[in-house]
Amino acid sequence: MPIDPTIFKAYDIRGLYGEQLGPDDAELIGRAFVRVIARLAGKEPGDLRLGLGRDMRLTAPEMAARYRAGMIAEGAHVLDVGQVGTEMLYWTVGSKELDGGIMCTASHNPKAYTGAKLVKDGAIALSGDEGIQDIRQLIEDGLGESPGGGSFEELDVYAPFQEAALTIIDPSKVKRLKVVVDGGNGMAGPMVGPLLEQLDLDLVQTYFTPDGNVPDHEPNPMIEANRQFIIDKVRSEGADLGIAWDGDADRCFFVDDTGRFVDGDFLTAILAEHLLEKSPGADILYDARASRAVPDVVTAAGGTPHINRVGHAFFKTRMRREGAIFGGEVSGHYYFHDFYNADSGTIPALLVLEKLSVEGKKMSELLEPYKAKYFISGEINSEVADGAEKMAEIEEKYADAEITHVDGASIDYPDWHFNVRMSNTEPLLRLTLESLVSVEDMERRRDEVLALIRA
């Protein structure tokens, strides 16, 4: 049976276990991955050293075993780090100078899904533009006989990973804060939990035990229903902060002391300001959807802001090329130069705790200047029949604005702006809009643009 071509996404491989993506497919993907990495690295397959990790999903042990079998069948040596958070696999690839790696995960998707995140050397992600479609093509063309000759070793990386993560902050500066943490029964508990326990915190731990049955709520805090629990818990506990992670724990999300969700662009600004105190004058990347708060804060703090295309492959590649110390996306992906440019759910949590302690402020107080000046819509999706045609209509309508094409179309006026871009995987246009005047002005302009998109 041929492999389902729809599982090959823009930034990963993902599908329903058994229906779209199963163990036999995993072995073929493992084999093709070795061939793609060998080409990119300019090496023979037998000379490759590759990492492998898996999340807590019930299907992950079997799927990871078959990815490993495929890589070994092509002659590669595999370092299998077992059940870990995704960033731990990235860190292993970077710190051990491996040629690449596979993380068996479907990230924040419901438990019926399985998948893989794929990286080359330097923990740089493969994408639909480079690598992922090549894997699909190799499988569809037929891989033929495997040469064999590969090998594997099992490795426990928890202690060295956690030791490395803790060097990003000064633990002695973290003051006693009451913090509610929600692991969503994903990988955050074992990955981040031991680090938080080393700090002087009053921790309220919830759903910190990995469980592939996901008995409590889906580990995707971007969906409002999934974060209601931690919002309510922060309020009932009178906590200083809430932190929630997605399933594979490479993203973390924050709830302030009043129970308000912290928008990703404002969190990017807060992290950037804190990091620029440690590395004055550095370069910072932010995504095309973000609030102007980010470049404004970076510039005021003496750094240089750079707008960037959405997607971890594009962030990691540019950070590596230009030496930026930090990059942030509104979706909760935060990238750090000192962590092999990988996106991390561990480091933002540590940095925010350090920032709150050093500033002696509550999260709501840190956010207030942003809430008072920058009025953002959040990302709004609209189904359209012809995305390209609709994009052209938008540019014609707003032709008197400054228009740039870093990612989709960014339409900029002095006191408001918006970005609209086509989805990589669905017939959707994604809109983010901001006013620097008022909430009412934002809502009026948002509705005007949406009316055009949905006409």
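Values as computed for the structure displayed
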{"quantity": "Residues that are in contact (Cβ under 8 Å) with a residue 40 or more places away in the chain and either among the acidic types (D, E) or out of contact with any strand residue (DSSP E or B) (no Cβ under 9 Å at 6 or more places or on another chain) (or both), drawn from segment 274-300", "calculated": "H274, D283, D287"}
{"quantity": "Answer from G247, G264 - the residue that is buried (at least 22 other Cβ atoms within 10 Å of the Cβ), within 27 Å of P110 (Cβ to Cβ) and in contact with a strand residue (DSSP E or B) (Cβ under 8 Å, 6 or more places away or on another chain)", "calculated": "G264"}
{"quantity": "Residues satisfying the stated conditions in segment 1-21, i.e. part of a loop (DSSP other than H, G, I, E, B), more than 15 Å from E426 (Cβ to Cβ) and touching a strand residue (DSSP E or B) at 6+ places or on another chain (Cβ under 9 Å)", "calculated": "I3, D4, D12, G18, Q20"}
{"quantity": "Matching entry among H274, H306 (being more than 21 Å from A10 (Cβ to Cβ), surrounded by fewer than 24 Cβ atoms within 10 Å (Cβ to Cβ) and touching a helix residue (DSSP H, G or I) at 6+ places or on another chain (Cβ under 6 Å))", "calculated": "H274"}
{"quantity": "Filter result for the condition that a residue is within 17 Å of the chain's Cα centre (by Cα) and more than 23 Å from P219 (Cβ to Cβ), over S127, S146, S107, S95", "calculated": "S127"}
{"quantity": "Test set (1) at pLDDT 95 or above; (2) within 21 Å of the chain's Cα centre (by Cα) - L50 fails condition number", "calculated": "(2)"}
{"quantity": "Condition broken by A392, with the remaining ones in (1) more than 16 Å from A290 (Cα to Cα); (2) touching a residue at least 12 places away in the same chain (Cβ under 8 Å) satisfied", "calculated": "(2)"}
{"quantity": "Considering residues of segment 409-455 that are of a type in the set (D, E) and touching a helix residue (DSSP H, G or I) at 6+ places or on another chain (Cβ under 9 Å) only, the residue nearest to I7 (Cα to Cα)", "calculated": "E434"}
{"quantity": "Number of the exception - T304 against (1) polar (S, T, N, Q); (2) within 19 Å of P348 (Cα to Cα); (3) at pLDDT 95 or above", "calculated": "(2)"}
{"quantity": "Restricting segment 170-199 to residues that are in contact with a strand residue (DSSP E or B) (Cβ under 8 Å, 6 or more places away or on another chain) and assigned to a loop (DSSP other than H, G, I, E, B), the residue that is farthest from D211 (Cα to Cα)", "calculated": "R176"}
{"quantity": "Neighbours by Cβ (under 6 Å, 6+ apart or cross-chain): first from segment 224-246, aromatic (F, W, Y); second surrounded by 20 or more Cβ atoms within 10 Å (Cβ to Cβ) and assigned to a helix (DSSP H, G or I)", "calculated": "W245/A188"}
{"quantity": "Tally of residues being in contact with a strand residue (DSSP E or B) (Cβ under 6 Å, 6 or more places away or on another chain) and either farther than 21 Å from T86 by Cα or among the aliphatic types (A, V, I, L, M) (or both) across segment 25-58", "calculated": "5"}
{"quantity": "Some residue of segment 108-126 being in a helix (DSSP H, G or I) and within 21 Å of P348 (Cα to Cα)", "calculated": "yes"}
{"quantity": "Close pairs from segment 152-165: first touching a residue at least 24 places away in the same chain (Cβ under 8 Å), partner among the acidic types (D, E) and in a strand (DSSP E or B), Cβ under 8 Å, at least 6 apart", "calculated": "F152/D80; E153/D80; E154/D80; L155/D80"}
{"quantity": "Those residues of segment 178-205 which are surrounded by fewer than 20 Cβ atoms within 10 Å (Cβ to Cβ) and farther than 14 Å from T346 by Cα, in sequence order", "calculated": "K178, D200, L201, D202, L203, V204, Q205"}
{"quantity": "Checklist (1) modelled with pLDDT of 95 or more; (2) under 22 Å from N109 (Cα atoms); (3) not aliphatic (A, V, I, L, M) applied to E197, failing item", "calculated": "(2)"}
{"quantity": "Residue within segment 426-443 that is out of contact with any Phe, Trp or Tyr (no Cβ under 9 Å at 6 or more places or on another chain) and closer than 23 Å to L267 by Cα present", "calculated": "yes"}
{"quantity": "Residues of segment 299-320 classified as within 20 Å of T404 (Cβ to Cβ), out of contact with any His (no Cβ under 9 Å at 6 or more places or on another chain) and part of a helix (DSSP H, G or I), total", "calculated": "3"}
{"quantity": "Of residues in segment 235-280 being aromatic (F, W, Y) and touching a Lys or Arg at 6+ places or on another chain (Cβ under 9 Å), the one farthest from S364 (Cα to Cα)", "calculated": "W245"}
{"quantity": "Residues satisfying the stated conditions in segment 64-99, i.e. assigned to a helix (DSSP H, G or I), more than 23 Å from R251 (Cβ to Cβ) and among the charged types (D, E, K, R)", "calculated": "R66, R68"}
{"quantity": "Test: G193 is within 24 Å of the chain's Cα centre (by Cα) and under 30 Å from E359 (Cα atoms)", "calculated": "yes"}
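The values are calculated or read from the model by the stated rules, or taken from the named source; none is laboratory data. Because the structure is predicted, anything quoted here is derived from the model rather than measured. So basically every Cβ, Gly included, is an ideal-geometry build from the backbone, and we count neighbours across all protein chains shown.
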